[in-house]
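Derivation of every value follows stated rules applied to the coordinates shown; laboratory data play no part. Bear in mind the structure is a predicted one, so any value in this text is a computation, not a measurement. Note that we place each Cβ from the backbone using ideal geometry, even for glycine, and neighbour counts take in every protein chain shown.
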Amino acid sequence: MYVCVCNAIRECELRRAALTSTGDVESVYAALGKRPNCGSCLEDAEEVLFEERMMGNAQRAPIFAPLTLGEPRTA
Ligand code: FES
């Protein structure tokens, strides 16, 4: 599905770019070699970036901190 019709940016491309590019929608579009034209996609694109980055971070983050055994460390 196309998120941005003006630039023919597909949702899957945007999701991939969300994980390799930082910044807002315009920055991610720039990383793809595009720039917003009509702007009607920006809100949806922003949502896709947010969703993908949150899901990506959730998958990389540990569910809980590992237990440490032994004496507590002193600084
Ligand atoms: S649909 Fe993305 S800039 Fe027009």
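Taking only region 33-49 into account, find how many residues are outside any loop (DSSP other than H, G, I, E, B) and surrounded by 12 or more Cβ atoms within 10 Å (Cβ to Cβ). It would help to see each step written out before you state the result.
First, pick out the residues of region 33-49 that are outside any loop (DSSP other than H, G, I, E, B): 42-49.
Still in the running and surrounded by 12 or more Cβ atoms within 10 Å (Cβ to Cβ): 42, 44-49.
Going through region 33-49 one residue at a time, the tally reaches 7.
Just to check your reading of the model, which residue among GLU52, GLU47 is under 13 Å from the mean Cα position of the chain (by Cα) and touching a residue at least 12 places away in the same chain (Cβ under 8 Å)? Even if it seems obvious, please write down each step before you answer.
Working: GLU47 fails: touching a residue at least 12 places away in the same chain (Cβ under 8 Å).
On inspection, the qualifying residue turns out to be GLU52.
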For a quick check of your reading of the model, give me the residue pairs whose first member lies in region 5-22 and is under 19 Å from GLY39 (Cα atoms), whose second is of a type outside the set (A, V, I, L, M) and within 16 Å of the ligand (Cβ to nearest atom), with beta-carbon atoms closer than 6 Å and at least 6 apart or on different chains. CYS6/ASN37; CYS6/CYS38; ASN7/LYS34; ARG10/TYR2
Could you please find all residues in region 3-28 being touching a strand residue (DSSP E or B) at 6+ places or on another chain (Cβ under 7 Å), under 19 Å from ARG53 (Cα atoms) and of a type outside the set (Lys, Arg)? VAL3, ILE9, GLU11, LEU14
